[in-house]
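Working notes, beginning with the structure itself.
The values are calculated or read from the model by the stated rules, or taken from the named source; none is laboratory data. Quick caveat: nothing in here was measured; it's all calculated off a predicted structure. As a convention, Cβ positions derive from the backbone with ideal geometry for all residues, glycine included, and neighbour counts pool all protein chains shown. The area values use the complete protein model at the heavy-atom level, side chains included, leaving out ligands, DNA and RNA. Shrake-Rupley method; radii C 1.70, N 1.55, O 1.52, S 1.80 Å.
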Amino acid sequence: MAISAIAPERVQERRRVAFTIAAIALAAKMARADGEATPKEFSIFQRLFQVSPQESANAVRFYNLAAQSMAGFEAYADQAASLLGPGSPVLEDLLDALWLIAAADGFTGDELAYLEAVATRLGFDAAAARIRARHTDPAEDDPWAILGVAPGSDAATLRAAYHALVKQYHPDRHFAEGVPAEFIRVSESRMASINDAYARLTGKR
């Protein structure tokens, strides 16, 4: 008996659902990492993961279930990495979202250990320190640092760095990689900071 091929759009939808499940679970377990998942952390989750009204109740139910313990976070991190490829810009957005949840009530040692473990499984061994600095370094709002260029770089260097970041982090790329629409808020926030940094350095506000 012939087996009919699965339509590409169905494959992409399955990837989106699988990524959503992994991302929500990792967010919930991030909130639990210090021993208690707080309402403040949940509010950050809701801001970053805006699901459709039809799925909202299911998302909240799954979040609350996942937040009951830290068990199994490794499998969810591995699932996300296998769906998009280790070190994907989308996974960096996911890691940023986890940092924002952790920052809701201040960082603890357990939270930092969780973030480090997840970063490793998502393929960010080498970049983990850079991502951490973005959330803990007082100079993280430095436009030169946001664009990844040396202070005083010329216009051509700024332009090249800006276009490279747009190509890497634009939300349209995330859609193309099968990221759920509800997760695009993180990439939109990153692009806003990149655009602002470029405008500040070029006087194009």
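Residue-level check: of (1) surrounded by 14 or more Cβ atoms within 10 Å (Cβ to Cβ); (2) in a helix (DSSP H, G or I), residue 86 misses just (2).
Consider the stretch 1-25 and keep the residues that are at pLDDT 75 or above and open to solvent by 80 Å² or more (accessible area, probe 1.4 Å). The one that is farthest from residue 93 (Cα to Cα) is 10. Only a single criterion out of (1) over 28 Å from residue 157 (Cβ atoms); (2) open to solvent by less than 60 Å² (accessible area, probe 1.4 Å); (3) modelled with pLDDT under 90; (4) of a type outside the set (Val, Ile, Thr) is not satisfied by residue 100, namely (2). Go through (1) closer than 24 Å to residue 82 by Cα; (2) modelled with pLDDT of 90 or more; (3) surrounded by fewer than 22 Cβ atoms within 10 Å (Cβ to Cβ); (4) not hydroxyl-bearing (Ser, Thr, Tyr) for residue 51 and report which single condition fails. Just one mismatch for residue 51, condition (2). Selection of the stretch 99-136 for residues being touching a residue at least 24 places away in the same chain (Cβ under 8 Å), under 23 Å from residue 71 (Cβ atoms) and charged (D, E, K, R) yields 105, 110, 111, 121. For residue 57, indicate whether it is assigned to a helix (DSSP H, G or I), open to solvent by 10 Å² or more (accessible area, probe 1.4 Å) and not hydroxyl-bearing (Ser, Thr, Tyr). Here the answer is yes, as residue 57 does meet what is asked. Residue count for the stretch 22-42 under the criterion of being without any contact (Cβ under 8 Å) to a residue 60 or more places away in the chain and either closer than 17 Å to residue 113 by Cβ or within 18 Å of the chain's Cα centre (by Cα) (or both): the result is 7.
Rundown of residues vs (1) closer than 17 Å to residue 93 by Cβ; (2) open to solvent by 60 Å² or more (accessible area, probe 1.4 Å), yes/no style:
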| site | (1), (2) |
| --- | --- |
| 33 | no, no |
| 40 | no, yes |
| 46 | yes, yes |
| 64 | no, yes |
| 68 | no, yes |
| 72 | no, no |
| 78 | no, yes |
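Taking the conditions (1) open to solvent by 40 Å² or more (accessible area, probe 1.4 Å); (2) at pLDDT below 90; (3) not aliphatic (A, V, I, L, M) in turn, residue 108 satisfies each one other than (2). Condition check for residue 70 on (1) part of a helix (DSSP H, G or I); (2) of a type outside the set (Val, Ile, Thr); (3) touching a helix residue (DSSP H, G or I) at 6+ places or on another chain (Cβ under 7 Å): one failure, at (1). Between 133, 129, 119, which is assigned to a helix (DSSP H, G or I), among the small types (Gly, Ala, Ser) and open to solvent by 40 Å² or more (accessible area, probe 1.4 Å)? The unique qualifying residue is 129. Among the residues making up the stretch 155-192, those that are modelled with pLDDT of 80 or more and among the small types (Gly, Ala, Ser) are 155, 156, 160, 161, 164, 192.
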